[in-house]
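Engineer: Just dropping this structure here.
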Amino acid sequence: MLLLWVAVCSCCVLAQTAQATSGIGTQGGNSISSEAQRRLSYYYMAALRQKSLENYTAMADLLRHCLEIDPNNPAANFDLAMVYLSTNDTTGLRMLQHAVANDPNNPWFKESLASIYLSMHKMDEAVPVLEEMSKLQTKRTDVLAQLFQLYKTSGRTKDAINALDRIQTLQGNSTRIAGQKYALYLDLGDTIQAFEQLRSLCREFPYDATGLILLGDQYMTVQQYDSAMVAYSKAERIDPQNTMLQTSRLQYPLLTGDTLTFRHLRDSVIVSETTDLELRINAIGSLAREALQDSTMRPHAEEMFDRLLSPDKPAVQFLQLYLTYKAYSENANNEDLLPIMERILYVDPANTQIASDMLQYYAMQADFERIESLCQKTLIYNPSELVFHYFLGVSLAQQKKNEEAIAALTTATRQIDEESSASLIGDIYGLLGDMQHEMHREKEAFEAYDSCLVYAPDNVACLNNYAYYLSLKNEQLERAEQMSYRTIKAEPDNKTYLDTYAWILFMQQDYTTARIYMDRVIDPKKDDTALMDDDEASATVLEHAGDIYVQCGQTEMAVRYWTLALKKTDKKNSILTKKIKKRKYIKK
């Protein structure tokens with residue numbers, strides 16, 4: 001509001017200054033003295049100077065001093081009103097009304113008052129002010145257009161027509177004005193005058209097809225089909241390729257109940273390469289909707305789509321419509337949709353929405369090779385799309401292309417900006433940390449994890465991995481324990497996170513508590529066969545359980561877990577073998 005006030009004031013500074021310094025003022029209905037006028041001029045000019053310096057508080061104080069000298073001064077009331085209104089103080093509205101009352105011929109004051117009324121949704125108060133403005137500035141078509149809308153909204157149809165008449169006098173007739181007047185006369189029930197507006201337009205512009213088409217459309221709505229076709233025929237002679245005309249004529253057999261003719265014309269529109277693309281899209285869309293509702297139409301719909309899609313690179317809109325049609329067809333599945341999506345990308349390789357849909361499908365199939373290929377192609381055209389950088393890193397990591405994954409994720413970090421999703425940034429840094437650690441680069445891994453937690457402090461995967469790797473180094477165990485505890489608070493049944501937390505407690509020599517959490521990972525009541533079949537009871541987890549149990553003095557249970565761990569591992573483990581043989585914990 002303050003910026004609006006500054007702009008409005010800037011437009012009428014000269015007019016206000018002239019009034020404030022003219023030597024004419026009133027106080028209680030009488031002219032103020034020349035000495036009072038001199039003081040008023042001095043303080044008002046000082047207020048304008050403070051406004052130019054953007055010292056609005058000082059300006060407001062000076063304006064109040066002006067009103068102490070002359071409470072009715074319009075310019076000072078106006079400027080101070082805008083100050084109050086900028087802070088939503090209703091005093092401003094009263095002062096603005098006072099300014100208008102004391103200078104009724106000032107259009108700038110009236111325009112500001114009308115704008116305030118409209119912003120407050122006081123339409124009834126705004127209309128009289130706008131009407132006065134339209135009398136003061138008779139060529140302001142924007143004011144007349146605002147009055148037209150207000151008259152129309154409030155049901156003052158005749159006044160709305162009069163406003164359009166004045167606009168028409170200033171701007172000339174047009175399809176828009178004729179169409180609006182047609183609708184208003186119909187509201188009044190005056191069909192004769194309504195159609196006369198359109199006929200008058202056609203007489204005034206005999207070589208404009210638009211007016212004739214509009215006239216034909218209105219004849220169609222009142223079922224005067226012969227008159228409609230006469231108007232369309234005239235329009236066709238002027239502009240035979242007019243899209244609006246083709247659309248209107250296509251509706252004729254449909255409205256008259258001639259379905260066969262309508263379908264024949266629609267097919268002609270669909271296959272005509274000289275017809276406007278938008279109309280062809282609307283026509284095939286109409287056929288697709290009909291086919292979805294009537295299964296007997298589906299072979300014909302497929303035939304029409306086949307003709308449209310026969311070129312090597314058809315219009316992408318046709319492909320997208322076909323994709324939508326197939327998606328809603330019975331028995332459609334992702335395998336049916338995938339070739340269509342691939343072809344859309346072939347025609348429009350920058351289409352990120354289709355690429356995202358394909359990415360989702362490939363992810364569900366765990367098809368990492370195709371994810372890699374899709375992301376690489378998409379990033380050529382959309383290098384800032386962070387999600388494709390991330391999934392490129394994921395696909396490479398899953399294929400054990402660790403160095404390539406690190407390179408892809410590092411590139412992703414360079415695309416981060418203020419609009420990037422914080423959680424996605426966290427996932428990128430978290431995965432980068434995992435890859436760096438897998439390549440035995442602990443410093444780089446921990447830096448990536450720290451960056452992840454800056455953007456996504458609750459990224460549980462990062463918290464878990466970071467905490468576990470710190471515990472393996474026997475470093476920052478208190479921080480590791482805090483991070484790990486947050487993961488089990490977030491996902492209390494996640495056995496991976498419970499194992500990490502139990503292991504950190506073990507490293508802190510809190511063996512009893514560690515065993516409590518480890519029992520939630522591996523149920524000690526399960527027999528050996530059940531534990532061997534339990535995928536979550538990995539060799540590492542079983543070894544952890546044995547280490548914890550032996551430190552709790554339960555050696556037999558520890559040896560049992562170690563033995564199972566040795567059976568589950570596919571590598572020679574000399575440390576694990578020694579633990580079983582010596583029946584005690586051996587630090588790696």
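The values are calculated or read from the model by the stated rules, or taken from the named source; none is laboratory data. In this text the structure is predicted, and so the values were computed from the model without any measurement. Please note: Cβ atoms are built from the backbone with ideal geometry, for glycine as well, and neighbour counts cover all protein chains shown.
Engineer: Yes or no: the range 124-139 includes at least one residue that is crowded, with 16+ Cβ neighbours inside 10 Å, aliphatic (A, V, I, L, M) and more than 43 Å from the chain's Cα centre (by Cα).
Structural biologist: No, that holds for no residue.
Engineer: Same structure, new question: Select from the range 472-495 the residues that are assigned to a helix (DSSP H, G or I) and closer than 18 Å to residue 438 by Cα and list them in ascending order. Step through it out loud before you land on a result.
Structural biologist: So the first thing to find is which residues in the range 472-495 are assigned to a helix (DSSP H, G or I), and the list is 472, 477-490, 495.
Of everything in the range 472-495, just one residue is assigned to a helix (DSSP H, G or I) and closer than 18 Å to residue 438 by Cα, namely 472.
Engineer: Before we move on, is residue 351 more than 29 Å from residue 260 (Cβ to Cβ), among the polar types (S, T, N, Q) and buried (at least 19 other Cβ atoms within 10 Å of the Cβ)? It would help to see each step written out before you state the result.
Structural biologist: Numbers: more than 29 Å from residue 260 (Cβ to Cβ): yes; among the polar types (S, T, N, Q): yes; buried (at least 19 other Cβ atoms within 10 Å of the Cβ): yes.
Spelling it out, residue 351 is indeed more than 29 Å from residue 260 (Cβ to Cβ), among the polar types (S, T, N, Q) and buried (at least 19 other Cβ atoms within 10 Å of the Cβ).
Engineer: Let me ask you something else. Restricting attention to the range 188-208, does a residue exist that is within 39 Å of the chain's Cα centre (by Cα) and free of Cβ contacts under 8 Å to residues at least 12 places away in the same chain?
Structural biologist: No, the range 188-208 contains no residue that is within 39 Å of the chain's Cα centre (by Cα) and free of Cβ contacts under 8 Å to residues at least 12 places away in the same chain.
Engineer: Right, next: Taking the range 237-270 as the search range and keeping residues that are of a type in the set (A, V, I, L, M) and surrounded by 14 or more Cβ atoms within 10 Å (Cβ to Cβ), which one is nearest to residue 319 (Cα to Cα)? Before you say what the answer is, go through the steps one by one.
Structural biologist: First pass over the range 237-270, keeping only residues of a type in the set (A, V, I, L, M): 238, 244-245, 250, 254-255, 260, 265, 269-270.
Imposing the further condition that a residue be surrounded by 14 or more Cβ atoms within 10 Å (Cβ to Cβ) reduces the set to 238, 244-245, 250, 254, 265, 269-270.
Working: 238: 34, 244: 24, 245: 26, 250: 23, 254: 26, 265: 22, 269: 17, 270: 14 Å.
Filtering the range 237-270 for residues that are of a type in the set (A, V, I, L, M) and surrounded by 14 or more Cβ atoms within 10 Å (Cβ to Cβ), the one nearest to residue 319 (Cα to Cα) comes out as 270.
Engineer: Within the range 395-410, take every residue that is surrounded by 22 or more Cβ atoms within 10 Å (Cβ to Cβ) and more than 15 Å from residue 368 (Cα to Cα) and give me the one that is nearest to the chain's Cα centre (by Cα). Break it down stepwise before answering.
Structural biologist: Step one: list which residues in the range 395-410 are surrounded by 22 or more Cβ atoms within 10 Å (Cβ to Cβ), which gives 395-396, 405-406, 408-409.
Retained after the next criterion (residues that are more than 15 Å from residue 368 (Cα to Cα)): 406, 409.
Numbers: 406: 31, 409: 26 Å.
Among those residues, the one meeting the criterion is 409.
Engineer: Next up: Which pairs turn up if I take residues in the range 75-97 that are on the phi > 0 side of the Ramachandran plot and of a type in the set (Gly, Ala, Ser) and look for partners that are assigned to a helix (DSSP H, G or I) and modelled with pLDDT under 90 with beta carbon separation below 6 Å, at least 6 apart in sequence or on another chain?
Structural biologist: Filtered contacts from the range 75-97: no entries.
Engineer: Does the range 83-98 include one or more residues that are closer than 26 Å to residue 185 by Cα and surrounded by fewer than 22 Cβ atoms within 10 Å (Cβ to Cβ)? Outline the logic, then answer.
Structural biologist: From the range 83-98, those closer than 26 Å to residue 185 by Cα are none; that's our starting set.
No: the range 83-98 contains no residue that is closer than 26 Å to residue 185 by Cα and surrounded by fewer than 22 Cβ atoms within 10 Å (Cβ to Cβ).
Engineer: Which of the residues spanning the range 101-119 are free of Cβ contacts under 8 Å to residues at least 40 places away in the same chain and more than 15 Å from residue 134 (Cα to Cα)?
Structural biologist: 101, 116, 117, 118, 119
Engineer: Further question on the same structure: Suppose the filter is part of a helix (DSSP H, G or I) and under 43 Å from the mean Cα position of the chain (by Cα); does residue 517 pass it?
Structural biologist: Working: part of a helix (DSSP H, G or I): yes; under 43 Å from the mean Cα position of the chain (by Cα): no.
Here the answer is no, as residue 517 does not meet what is asked.
Engineer: Being at negative phi and among the polar types (S, T, N, Q): is that true of residue 465 here?
Structural biologist: Working: at negative phi: yes; among the polar types (S, T, N, Q): yes.
Yes, satisfied.
Engineer: Looking at this structure, is residue 490 buried (at least 18 other Cβ atoms within 10 Å of the Cβ) and either free of Cβ contacts under 8 Å to residues at least 12 places away in the same chain or closer than 21 Å to residue 461 by Cα (or both)?
Structural biologist: On the way: buried (at least 18 other Cβ atoms within 10 Å of the Cβ): no; either free of Cβ contacts under 8 Å to residues at least 12 places away in the same chain or closer than 21 Å to residue 461 by Cα (or both): yes.
Spelling it out, it is not the case that residue 490 is buried (at least 18 other Cβ atoms within 10 Å of the Cβ) and either free of Cβ contacts under 8 Å to residues at least 12 places away in the same chain or closer than 21 Å to residue 461 by Cα (or both).
Engineer: From the set of residues in the range 212-225 that are more than 42 Å from the chain's Cα centre (by Cα) and at pLDDT below 85, which is nearest to residue 252 (Cα to Cα)? Lay out the reasoning, then the answer.
Structural biologist: Pass one, the range 212-225, residues more than 42 Å from the chain's Cα centre (by Cα): 223-225.
Adding the requirement that they be at pLDDT below 85 leaves 223, 225.
On the way: 223: 10, 225: 8 Å.
My answer is 225.
Engineer: Which of the residues that make up the range 535-588 are buried (at least 18 other Cβ atoms within 10 Å of the Cβ), of a type in the set (Asp, Glu) and touching a residue at least 40 places away in the same chain (Cβ under 8 Å)?
Structural biologist: Within the range 535-588, just 547 meets the criteria.
Engineer: Between a first residue in the range 302-328 that is more than 15 Å from residue 273 (Cα to Cα) and at pLDDT 90 or above and a second residue that is among the small types (Gly, Ala, Ser) and surrounded by fewer than 19 Cβ atoms within 10 Å (Cβ to Cβ), which pairs have beta carbons less than 6 Å apart while being 6 or more apart in sequence or on different chains?
Structural biologist: Filtered contacts from the range 302-328: 321/285; 326/332.
Engineer: Among the residues of the range 337-350, is any within 20 Å of residue 280 (Cβ to Cβ), of a type outside the set (Ser, Thr, Tyr), at pLDDT 90 or above and not in a helix (DSSP H, G or I)?
Structural biologist: Going through the range 337-350, the residues within 20 Å of residue 280 (Cβ to Cβ) turn out to be 340, 343-344, 347-348.
From what's left, of a type outside the set (Ser, Thr, Tyr): 340, 343-344, 347-348.
Add one more test, that the residue is at pLDDT 90 or above, and what stays is 340, 343-344, 347-348.
The next check asks that each one be not in a helix (DSSP H, G or I); those that pass are 348.
So far as the range 337-350 goes, yes, one or more of its residues are within 20 Å of residue 280 (Cβ to Cβ), of a type outside the set (Ser, Thr, Tyr), at pLDDT 90 or above and not in a helix (DSSP H, G or I).
Engineer: Another one. With the requirement that a residue be hydroxyl-bearing (Ser, Thr, Tyr), closer than 23 Å to residue 525 by Cβ and in a loop (DSSP other than H, G, I, E, B), what does the range 555-588 give you?
Structural biologist: Of all residues in the range 555-588, those hydroxyl-bearing (Ser, Thr, Tyr) come to 555, 561, 563, 569, 574, 577, 585.
With the extra rule that they be closer than 23 Å to residue 525 by Cβ, the set shrinks to 555, 561, 563.
Scanning the range 555-588 gives no hits.
Engineer: Out of the residues in the range 64-81 meeting the condition of being surrounded by 24 or more Cβ atoms within 10 Å (Cβ to Cβ) and aliphatic (A, V, I, L, M), tell me which one is nearest to residue 125 (Cα to Cα).
Structural biologist: So the residue we want is 81.
Engineer: Moving to a separate point now. Being assigned to a loop (DSSP other than H, G, I, E, B), out of contact with any Ser or Thr (no Cβ under 8 Å at 6 or more places or on another chain) and either surrounded by 15 or more Cβ atoms within 10 Å (Cβ to Cβ) or aliphatic (A, V, I, L, M) (or both) is the filter here; which residues of the range 156-173 pass it?
Structural biologist: Selection gives 156 alone.
Engineer: Can you name every residue in the range 101-118 that is in a helix (DSSP H, G or I) and either farther than 14 Å from residue 150 by Cβ or aliphatic (A, V, I, L, M) (or both)? Working first, answer last.
Structural biologist: Going residue by residue through the range 101-118, those that are in a helix (DSSP H, G or I) are 101-102, 107-118.
Result: 101, 102, 107, 108, 109, 110, 111, 112, 113, 114, 116, 118.
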